[in-house]
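Report on the following structure.
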Amino acid sequence: MSGDPLVEVRDLEMHFPLTRGVVLQRQYGAVRAVDGVSFSVGRGETFGLVGESGCGKSTTGRLIMRLLEPTGGQVLFEGEDITHSGRRELAPLRRDAQMVFQDPYSSLNPRKTVGSIIAEPFIIHGLASSADERRREVRDLMDRVGLNPEHYNRYPHQFSGGQRQRIGVARAIALKPKLLVADEPVSALDVSIQAQIINLLQDLQSELGLTLIFIAHDLSVVRHMCDRIAVMYLGKIVELTASEICFTEPRHPYTGALLASVPIPDPSISSVGRRPVLKGDVPSPSAPPAGCRFHTRCPKAQALCSQQEPPLAEQVNGSMVACHFPLDQAEATALLPK
């Protein structure tokens, strides 16, 4: 991992308008899916974005890829501001940054063969101009991700979920990108297949020197994959820390609650030293609570939490935490399995 950042995100915002009316649509509010997110990702690093469903992590990934036009903030790739770049200016980025989507079936064109799906990046970017050269490149990619090259002319529905995700990975690495954004790439797969895809991504990262942004809600997967982790809640980052510190010394009550909710196979230890922390439902992102957005569910909330939004500040363990009353070591330890 290099200290030179490949991606920088500064105060990124994505507010989806809420409108009324059929003909004259009038905006009466907005869903604050991403609301002031900042972080950087170093070259060769695996950076994790985690949180509950609806926290804004997938939207953040799509904003980085410029699949969505942000409401505010900046996205920098190799030091260049791409926040409002046009289609022509984004063409080089499309070669250097690729995405693996959550659903391995809906992200593939069912009318195209696997060979033509994986060959499409070469055609779009004018590489491997001859049909024979493209066919050789595609077969090599299929072999690299663990697919049988003889299945070149098969269609996506003829493959299993894990195989379809391998097709998506092969398409994403076809142009040897610098950045790969993986949006919950294993959440729709069986556990045994998840391990295979995770190992594949790690092998490819090592082989190709990829920088990886890994989006997930499964904390065990994130711990295995990531160097650093950003925990998101209701459109904001509440904790930004190294992976091992996150799982041994969580400082934000929400991070601790997520860790406490991870199932443990042995019931004799899962019931010791663990307590339910999260109560109630996630507030609506169209009307987030004032102050700290987590205070409505936080066991440590005090009057200040509902009045003033906490800044993302550095803690003694090196973590960046947005909390007025972060967990101390004893409180953090009590949430972890004995």
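The values are calculated or read from the model by the stated rules, or taken from the named source; none is laboratory data. Since this is a predicted model, take the numbers as computed values, not measurements. Every residue, glycine among them, receives a Cβ derived from its backbone with ideal geometry; neighbour counts consider all protein chains shown.
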Report task. Note down all Cβ pairs under 7 Å where the first residue falls in segment 108-137 and is of a type in the set (S, T, N, Q), the second is buried (at least 18 other Cβ atoms within 10 Å of the Cβ), and they're at least six residues apart or on different chains. Result -> Asn109/Ile117
Report task. Output the strands (runs of 3 or more DSSP E) that fall wholly within segment 1-114 and possess 3 or more residues being surrounded by fewer than 16 Cβ atoms within 10 Å (Cβ to Cβ) and of a type outside the set (D, E, K, R), or say none. Result -> 5-20, 26-42
Query - Cβ-Cβ under 9 Å pairs, at least 6 apart or on other chains, segment 280-307 side farther than 24 Å from Leu335 by Cα, far side part of a loop (DSSP other than H, G, I, E, B) and among the acidic types (Asp, Glu) - result: Ala290/Glu309; Gly291/Glu309
Query - Looking only at segment 281-307, and only at residues there that are over 17 Å from Arg251 (Cβ atoms) and within 23 Å of the chain's Cα centre (by Cα), the one that is surrounded by the fewest Cβ atoms within 10 Å (Cβ to Cβ) - result: Asp281
Query raised in the report: If we scan segment 10-28, do we find a residue that is closer than 30 Å to Asp203 by Cα and either aliphatic (A, V, I, L, M) or free of Cβ contacts under 8 Å to residues at least 40 places away in the same chain (or both)?
Result: no
Query - Within segment 308-324, tally of residues that are in contact (Cβ under 8 Å) with a residue 60 or more places away in the chain and loosely packed, with under 15 Cβ neighbours inside 10 Å - result: 1
Report task. Would you confirm whether any residue within segment 144-151 is modelled with pLDDT of 90 or more, polar (S, T, N, Q) and either closer than 30 Å to Val50 by Cβ or assigned to a helix (DSSP H, G or I) (or both)? Result -> no
Query raised in the report: What are the residue pairs meeting all of these: first residue in segment 160-185, first residue surrounded by fewer than 23 Cβ atoms within 10 Å (Cβ to Cβ) and assigned to a loop (DSSP other than H, G, I, E, B), second residue among the charged types (D, E, K, R) and modelled with pLDDT under 95, Cβ atoms under 7 Å, and 6 or more apart or on different chains?
Result: Leu175/Arg95; Pro177/Arg95; Pro177/Asp96; Lys178/Asp96
Query - Residues that are under 26 Å from Ile197 (Cα atoms), touching a strand residue (DSSP E or B) at 6+ places or on another chain (Cβ under 8 Å) and β-branched (Val, Ile, Thr), drawn from segment 81-137 - result: Val100
Query raised in the report: Which numbered condition trips up Ala119, out of (1) of a type in the set (A, V, I, L, M, F, W, C); (2) surrounded by 22 or more Cβ atoms within 10 Å (Cβ to Cβ); (3) within 29 Å of His224 (Cβ to Cβ)?
Result: (3)
Query raised in the report: Looking at (1) surrounded by fewer than 23 Cβ atoms within 10 Å (Cβ to Cβ); (2) farther than 27 Å from Leu141 by Cβ; (3) touching a Ser or Thr at 6+ places or on another chain (Cβ under 9 Å); (4) aliphatic (A, V, I, L, M), which is the one condition that is false for Val231?
Result: (1)
